[in-house]
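The next block holds one structure in the form of structure tokens; read it before the comments.
The values are calculated or read from the model by the stated rules, or taken from the named source; none is laboratory data. Computed from a prediction, not measured in an experiment: that's the story for all the values here. Please note: Cβ atoms are built from the backbone with ideal geometry, for glycine as well, and neighbour counts cover all protein chains shown.
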Amino acid sequence: MRNVTQTSPSRVASLKERLRAGGSSRRLYETLRHHWADYGVIVAFIVLVIITASTSDVFFTERNISNLLRQIVPNGLISLGMLVVILTGGIDLSVGSIVALAGILSAGLQDDIPLALAILIALAAGVVAGAVNGVLIARFKLAPFIVTLATLGAIRGLVYVYSDTPQSPTNPAFRRILGGSVGGIAGSLAVATVIMVICYPIIWFFLNRTSAGRAIFAIGGNEEAVRLAGINVERHILAAYIISGLCSAMAGVLLAARLGIAQPSLGSGYELDAIAAAVIGGAILGGGGGSVPGTFGGVLVLGLINNLLNLYNVQSYYQQILKGVIIVFAVLARRKQQ
Amino acid sequence: MTEPLLQMRQISKSYEGTRALRGVDFSAVAGEVHAIVGENGAGKSTLVKILSGAVRRDSGEILLDGRPVEINSPFDAHHQGIRAVYQEFSLVPHLSVTENILMGQMPVTRGGWLDWNAAHRRAQAVLEEIGFYGINVRTPVSRLSVPHQQMVEIAKALLATPRILILDEPSAVLSQEEVTRLFHLIIRLKQQSTLVLYISHRLEEVFEVADRITVLKDGELVGTVRSEESNQTQLIRMMVGRTLEEIYPQRRSQAGEEVLRVHQLSRDGVFENVSFSLKRGEVLGMFGLVGSGRTQVARCLFGADQPTSGQIFLHGQPFRPKTPRDAVEAGIAFLTEDRKRNGLVMTCSIRDNISLASLSRMSRWGVLSRRQQDQQVLAKVRELDIRPPQLQRLVRQLSGGNQQKVVLAKWLLVRADVLILDEPTRGVDVATKVEIYQIIRDLAERGVAILLISSEMPEILGMSDRVLVMREGHVAGEFSQEQATEEGLLALAAVGSQVA
């Protein structure tokens, strides 16, 4: 059917003008209020940087920064997938096991088959794992928590069945390329970091500028309303878990390349950091809120805390306590905002 | 008159920018049944929820026996002897009737264990004392019928004789006989000098049970009348503030060819052998009491539920939607009854909500055209005068009337041939109602076939070209616009017997 009620672009533009003119300061205030959570993360980030920079002379060294950016890659990727899942109102606890599955497959298979194929199979395994989660949740209407708790265990078991000993990558190109650095002016910027950074605008575009992305946002707010708007909800939920599986698999492959070894225990407990990053970045468990920039902020804040406390040789137990405190504050701040 | 038991002075309350109550002064005496009436959104529920501590007032004071009291939570209200039975139940579904009635007051043995036998006896006694029989107190509440749940809810409030009992639309889910028993109970409470605040939109009922009637409109108090000195016409004028001719637009459209035909459609246990046809440019009203199966028929037409037998014809072709998606693609739109539950995504913006059903039409290869989206959404925002006209604004920050317009805009954007409207003016103010009626009329004139489901009699009578009456899952009858009268419709729709 053709568009009958065409409104000319110029008329729309002039109306937009008028809207903007009618209370621009109020609009700014509204925007600030609306995005408090995003900015809250930025504030936390800046405060952390200032504290660290003023107390440590190691922090701003090229070595430390590139280390930091390298360390946040796994959580950066997993959190991105986790965000998509959380937006639908779900949760993915199986990400850590998928990291191990992809890591150990990419490291173990490259002995027998070409490297590219090994990596492809590892990523495909992540997609399949995500699809299994998605089908059980969307099609069979099982609770996401239960389903991914089950696959968390099952996939970890599968990893041990495949190999209960660490797999070492035999193809030198694996470590050299994926575990290496970008040359030139970027100096010691890791390839893995570049890959992760590229994923952010892609997912942002997907969520904000595609019909599927908007539907995913809406599903978390009110699944039934979306279904009754004539949208195939099952397919979108399935897509969300596949994205999460793929992101985790990428994290697994890059992690194996960086470490030069893939333990079957790789990635245990990663789901917690990913959930934490998304929540610090403003995501609402149960759906209905969250953003890509916010999640990136959450990843950075968590990475900085680790980095900072490492610089001061603080035991990792304290890091966990601090992380817990920050998560609680992030959620409280959001509550206050509402 | 004696000193009022309850005085509420200058009560005001706003929700997210919408004024629900402005400076309401209300008083009532002990041993009185005081009805509060008004249109949807007039502020009745808000007023009593402030009294029962479920909602916090923004300003104003509450006096009991002439002394100011602080009621900031349901706990405070209980403490003052105020109990409330709301439209939405506050029962715990998987607990037994006994546990629900005695919640927080379960008897214990000397050893500190729960005394189940005593508890069940006590709950049974409470139910029988107020005249409700036939409920097994050991069953979980979730297995009871809705009327029985309502009785449990009432029993819970009457565990101890309250000083003030609030009944918010208690009869909505009860049968005629059960309502009679409820009235007997109210009379007994009156004799024990309880003040009963009775909220209902069934005016006959109000005149039957109430001593005095207070009318609210748009959050303000219009007046209080003694029921024997008033009548329904006066009350309606007070509630609406204008006559019916000013509310409903003139009919100008002529019904065209048949668009939708439903033949012997059934869904097991819900409705049976429903047949009707819907023509181009026609508004077909569907009237019936709650639970008569109207919404369920609509859901089957829309593919949200599956009928067990029967046929649907769309433009003369057999049509059997498997999902809402099929229906939307075939040109059917369905504005659902409960916008919060299944109409709107409260956490999303006006833009996202209005474009939700048209996303695929606004994108190419799955990528949204922001320009097209804004153009189309903005056109609807202007057409329906949605305020504020900020596309980024979250819908949960809008007033009820504007929220309803957003849902309507979503379906207008789809440009459907068949528009199903399920209670399209529930919970919106009168001004918005009039606007929505005008939109419905305009759509009919443009040739859209409209199925208007409503429990509001004036709305059905004022808007419909034809009226279909449903009762207990059957089509009980059909009226042309000229034949349709309030009495005629009610007589057909009423459950079980003809109402007097």
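Would you point out which residue out of B:LEU265, B:LEU314 is more than 30 Å from B:LEU203 (Cβ to Cβ), assigned by TED's automatic domain parsing to the domain that holds B:LEU421, of a type in the set (A, V, I, L, M) and in contact (Cβ under 8 Å) with a residue 60 or more places away in the chain?
Of B:LEU265, B:LEU314, the one residue that is more than 30 Å from B:LEU203 (Cβ to Cβ), assigned by TED's automatic domain parsing to the domain that holds B:LEU421, of a type in the set (A, V, I, L, M) and in contact (Cβ under 8 Å) with a residue 60 or more places away in the chain is B:LEU314.
Across segment B:266-279, what is the number of residues that are in a loop (DSSP other than H, G, I, E, B) and either surrounded by 14 or more Cβ atoms within 10 Å (Cβ to Cβ) or of a type in the set (Val, Ile, Thr) (or both)?
Selection size over segment B:266-279: 1.
Could you say whether any residue in segment A:316-330 is modelled with pLDDT of 90 or more, part of a helix (DSSP H, G or I) and of a type in the set (Ser, Thr, Tyr)?
The answer is no, given that none of the residues of segment A:316-330 is modelled with pLDDT of 90 or more, part of a helix (DSSP H, G or I) and of a type in the set (Ser, Thr, Tyr).
Within segment B:358-378, is there a residue that is among the small types (Gly, Ala, Ser), in contact with a Leu (Cβ under 7 Å, 6 or more places away or on another chain) and buried (at least 21 other Cβ atoms within 10 Å of the Cβ)?
yes
Report whether or not B:GLN397 is over 23 Å from A:PHE206 (Cβ atoms) and either crowded, with 22+ Cβ neighbours inside 10 Å or more than 9 Å from chain A (Cβ to nearest Cβ) (or both).
Answer is yes for this residue.
With respect to B:ALA84, is the statement that it is aliphatic (A, V, I, L, M), touching a residue at least 40 places away in the same chain (Cβ under 8 Å) and outside any loop (DSSP other than H, G, I, E, B) true? Please lay out each step first, then the result.
Working: aliphatic (A, V, I, L, M): yes; touching a residue at least 40 places away in the same chain (Cβ under 8 Å): yes; outside any loop (DSSP other than H, G, I, E, B): yes.
When the stated conditions are applied, B:ALA84 passes them.
Given the structure, is B:VAL328 part of a helix (DSSP H, G or I) and of a type in the set (Val, Ile, Thr)?
So B:VAL328 fits the description; yes.
Taking segment B:317-340, which residues are β-branched (Val, Ile, Thr) and either in contact with an Asp or Glu (Cβ under 7 Å, 6 or more places away or on another chain) or in contact (Cβ under 8 Å) with a residue 60 or more places away in the chain (or both)?
Selection gives B:VAL328, B:ILE332, B:THR336.
Run down B:VAL414, B:VAL469, B:VAL448 and say which single residue is more than 30 Å from B:LEU378 (Cα to Cα) and out of contact with any Lys or Arg (no Cβ under 7 Å at 6 or more places or on another chain).
Result: B:VAL469 is the single residue among B:VAL414, B:VAL469, B:VAL448 that is more than 30 Å from B:LEU378 (Cα to Cα) and out of contact with any Lys or Arg (no Cβ under 7 Å at 6 or more places or on another chain).
Scanning for something under 21 Å from B:ALA431 (Cβ atoms) and either more than 8 Å from chain A (Cβ to nearest Cβ) or under 25 Å from the mean Cα position of the chain (by Cα) (or both), does segment B:346-353 turn up at least one residue? Before the answer, list the steps.
The first filter runs over segment B:346-353 and keeps only residues under 21 Å from B:ALA431 (Cβ atoms), leaving B:350.
If we keep only those that are either more than 8 Å from chain A (Cβ to nearest Cβ) or under 25 Å from the mean Cα position of the chain (by Cα) (or both) as well, we get B:350.
Checking segment B:346-353: at least one residue is under 21 Å from B:ALA431 (Cβ atoms) and either more than 8 Å from chain A (Cβ to nearest Cβ) or under 25 Å from the mean Cα position of the chain (by Cα) (or both).
Could you check, for segment B:310-322, whether at least one of its residues is part of a helix (DSSP H, G or I), of a type outside the set (Val, Ile, Thr) and farther than 21 Å from B:VAL270 by Cα? If you could, list the steps in order and put the result at the bottom.
In the first step, residues of segment B:310-322 are kept if they are part of a helix (DSSP H, G or I); the result is none.
Scanning segment B:310-322, I find no residue that is part of a helix (DSSP H, G or I), of a type outside the set (Val, Ile, Thr) and farther than 21 Å from B:VAL270 by Cα, so the answer is no.
Among the residues of segment B:242-265, are any surrounded by 15 or more Cβ atoms within 10 Å (Cβ to Cβ) and assigned to a helix (DSSP H, G or I)?
yes
Test A:ALA129 against the stated conditions and say whether it is crowded, with 21+ Cβ neighbours inside 10 Å, out of contact with any His (no Cβ under 6 Å at 6 or more places or on another chain) and modelled with pLDDT of 95 or more.
Values: crowded, with 21+ Cβ neighbours inside 10 Å: yes; out of contact with any His (no Cβ under 6 Å at 6 or more places or on another chain): yes; modelled with pLDDT of 95 or more: yes.
Yes.
So which residues in segment A:200-215 are more than 7 Å from chain B (Cβ to nearest Cβ) and crowded, with 23+ Cβ neighbours inside 10 Å, if there are any at all?
Within segment A:200-215, just A:GLY213 meets the criteria.
Among residues belonging to segment B:33-90 that are over 20 Å from the mean Cα position of the chain (by Cα) and acidic (Asp, Glu), point out the one that is farthest from B:LEU167 (Cα to Cα).
Among residues in segment B:33-90 that are over 20 Å from the mean Cα position of the chain (by Cα) and acidic (Asp, Glu), the one farthest from B:LEU167 (Cα to Cα) is B:ASP58.
Which of the residues that make up segment B:465-491 are of a type in the set (Asp, Glu), at pLDDT below 90 and under 20 Å from B:GLN250 (Cβ atoms)?
B:GLU482, the sole residue that qualifies.
Please go through segment A:83-140 and give me each residue that is in a helix (DSSP H, G or I), β-branched (Val, Ile, Thr) and without any contact (Cβ under 8 Å) to a residue 60 or more places away in the chain, ordered by number. It would help to see each step written out before you state the result.
Of segment A:83-140, the ones in a helix (DSSP H, G or I) are A:83-87, A:95-109, A:115-139.
So of that shortlist, the ones also β-branched (Val, Ile, Thr) come out as A:84-86, A:95, A:98-99, A:104, A:119, A:121, A:127-128, A:132, A:135, A:137.
Residues satisfying the conditions are A:ILE121, A:VAL132.
Identify the single condition in (1) in a helix (DSSP H, G or I); (2) touching a Ser or Thr at 6+ places or on another chain (Cβ under 6 Å) that A:LEU309 does not satisfy, given that it satisfies every other one.
Among (1) in a helix (DSSP H, G or I); (2) touching a Ser or Thr at 6+ places or on another chain (Cβ under 6 Å), the lone unmet condition for A:LEU309 is (2).
Tally the residues that are among the charged types (D, E, K, R) and either within 14 Å of chain B (Cβ to nearest Cβ) or part of a loop (DSSP other than H, G, I, E, B) (or both), restricting the search to segment A:216-274.
Residues in segment A:216-274 being among the charged types (D, E, K, R) and either within 14 Å of chain B (Cβ to nearest Cβ) or part of a loop (DSSP other than H, G, I, E, B) (or both): 5 in total.
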